[in-house]
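K.L.:
Once you've had a glance at the structure underneath, I'll fire off some questions.
The values are calculated or read from the model by the stated rules, or taken from the named source; none is laboratory data. Just so we're clear, the structure is a prediction, and the values are computed from it rather than from any experiment. So basically every Cβ, Gly included, is an ideal-geometry build from the backbone, and we count neighbours across all protein chains shown.
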Amino acid sequence: MTTDVMSNVPVDDRITIAELTADPYSIYRKLRAETPVLRINSINRIMLTKAADTKHVKDNWELFSSDDPLTPMKRAFLAHTLMRKDGEAHKRERNAMAPAFSPRNIKGCWNEIYTQVAKDYVGRLPRGETVDLFSGLAAPYAARCLTYLLGIPEASDADMMRWSQTLIDGAGNFGNVPELFERSDAANAEMDALFDTCVARVKADPDQSALSVMVNADDPIERSQIYSNVKIAIGGGINEPRDALLTILYGLFTNPDQLDACKADALWDAAFEEGVRWVAPIQASSRLVMQDTEIRGHAIAKGEVVMTVQASACHDEDLYDRPEEYNIFRPKTPHQAFGNGPHFCQGTHIARRMLAQIVLPMLFDRFPNMTLPDPAQVKFWGFGFRGPLSLPVTLN
Ligand code: HEM
């Protein structure tokens, strides 16, 4: 390791993206203890791993902009989405979508629809068989719920999953591989065509969906922004609930006393909150430094990009005892799995409802003796997004 003489920020040229993808938590533990502010050459960013620092960055949008110039997100989405905007421009677009996410709509509208979706999808699972809940439940359930929330129920689960992955691959296409952008261009064209049909429907027959509230607003935002923000929700609204559900199930199966307590006392909210803290579905976010500043005595120059690792913040020993353990009984402490500041996840309450209050209790109600026969077979994977690659359970 060397140190940048100008900024006094230590520089690492050993940690690889492959290592961060396979086993990030052991790396973050070491960084929190030794070099919590570290330039990592393989990711071309200064990585921040302490909870106080990630929160400071996310809360101060004027100093740390969301418009990270290093990601090819604009190219993939063919647009500048709300996730990369700041201040009033961001607020205007976030507010446009907000009515769809309101507590009133969650209770009065999405609860009933999501319960029906869960009944359909859990009802299809074959009793007595071993099924991978990644493809058998978690991914399609997340995709179907999202179609209703966004106002595009005409989209198939398979299309939603393909579009989501294509947008994610494009937004992560740092090597500018042409085929990845060709695929995201094709997906954008398919989504635009579908959205045109859905707009006609919600104009004629308004509902509570994000598309409907945006196009029927008194002073609507530009159509191009409506479409790009529905796309950002497709890109970011499937993987996280999918991975969270699988992570929570894995945490419970590998801690049978906690699973028993959950079943006995309906502790699903605690199981959910601990699951997203334990393995944050979105592990890291980046911010552009707008003025020369300082973090933990290190000079950080205007124009640098800092990476706030919320996965590491959620394991910070300053806040959590034995953070690497899944423990639904740990004292309640706010976590950063949903981010912080103006870009705090807009889908937080929706995710809690669809997982903790609907599908988890329903799944164990239908299969009270469900087991995970081979926990060692389950592999967690991912640097930006993280979760189990499969979860084969026996349904009894
Ligand atoms: C367990 C599930 C989820 C987790 C852990 C999660 C996590 C996050 C995080 C960490 C951010 C902030 C990213 C940043 O600061 O750069 C975010 C933003 C966002 N999330 Fe979620 N999310 C989840 C589910 C959902 C769902 C179901 C939706 C539904 C559409 C959603 C919609 C959004 C939107 C629209 C934003 C951008 C908000 C903005 O930029 O103002 N999320 N999410």
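K.L.:
Just to be sure, is residue 143 crowded, with 18+ Cβ neighbours inside 10 Å, assigned to a helix (DSSP H, G or I) and at pLDDT 95 or above? Steps first, please.
P.N.:
On the way: crowded, with 18+ Cβ neighbours inside 10 Å: yes; assigned to a helix (DSSP H, G or I): yes; at pLDDT 95 or above: yes.
When the stated conditions are applied, residue 143 passes them.
K.L.:
Do any helices (runs of 4 or more DSSP H) lying entirely in the range 212-266 carry at least 1 residues that are within 14 Å of the ligand (Cβ to nearest atom), and which ones are they? First the steps, then the outcome.
P.N.:
On the way: elements: 223-237, 239-253, 256-265.
Of the helices (runs of 4 or more DSSP H) lying wholly inside the range 212-266, those with at least 1 residues that are within 14 Å of the ligand (Cβ to nearest atom) span 223-237, 239-253.
K.L.:
Here's something else I'd like to know. Taking the options 224, 164, name whichever one is of a type outside the set (A, V, I, L, M, F, W, C) and surrounded by fewer than 20 Cβ atoms within 10 Å (Cβ to Cβ). Walk me through how you get there before you give the answer.
P.N.:
Values: 164 fails: surrounded by fewer than 20 Cβ atoms within 10 Å (Cβ to Cβ).
Result of the check over 224, 164: 224.
K.L.:
Let me ask another. Output the helices (runs of 4 or more DSSP H) that fall wholly within the range 298-368 and possess 3 or more residues being within 17 Å of residue 119 (Cα to Cα) and at pLDDT 95 or above, or say none. Give the steps one after another, and end with the answer.
P.N.:
Working: elements: 310-313, 348-352, 360-366.
Fully inside the range 298-368 and qualifying: 360-366.
K.L.:
Just to check your reading of the model, which residue among 105, 44 is within 26 Å of residue 228 (Cβ to Cβ), in contact with a Leu (Cβ under 8 Å, 6 or more places away or on another chain) and touching a residue at least 40 places away in the same chain (Cβ under 8 Å)? Let's see the steps before the verdict.
P.N.:
Working: 105 fails: in contact with a Leu (Cβ under 8 Å, 6 or more places away or on another chain).
Answer to the selection: 44.
K.L.:
Another question, then. Quickly run through the range 345-356 and pick out the residues that are over 11 Å from the mean Cα position of the chain (by Cα) and either over 17 Å from residue 97 (Cβ atoms) or more than 6 Å from the ligand (Cβ to nearest atom) (or both).
P.N.:
Result: 349, 352, 353, 354, 355, 356.
K.L.:
Would you check if there is a residue in the range 113-122 being in contact (Cβ under 8 Å) with a residue 40 or more places away in the chain, surrounded by fewer than 16 Cβ atoms within 10 Å (Cβ to Cβ), of a type outside the set (Val, Ile, Thr) and within 27 Å of residue 353 (Cα to Cα)?
P.N.:
yes
K.L.:
Ok, one more. Since residue 139 meets every condition but one in (1) in contact (Cβ under 8 Å) with a residue 12 or more places away in the chain; (2) within 21 Å of the chain's Cα centre (by Cα); (3) within 24 Å of residue 308 (Cβ to Cβ), which condition does it not meet?
P.N.:
Among (1) in contact (Cβ under 8 Å) with a residue 12 or more places away in the chain; (2) within 21 Å of the chain's Cα centre (by Cα); (3) within 24 Å of residue 308 (Cβ to Cβ), the lone unmet condition for residue 139 is (3).
K.L.:
Out of all the residues in the range 324-340, which are away from the ligand (no atom under 11 Å from the Cβ) and under 23 Å from residue 286 (Cβ atoms)?
P.N.:
Restricting attention to the range 324-340, the residues satisfying the condition of being away from the ligand (no atom under 11 Å from the Cβ) are 324-334.
Answer for the range 324-340, where residues must be away from the ligand (no atom under 11 Å from the Cβ) and under 23 Å from residue 286 (Cβ atoms): just 334.
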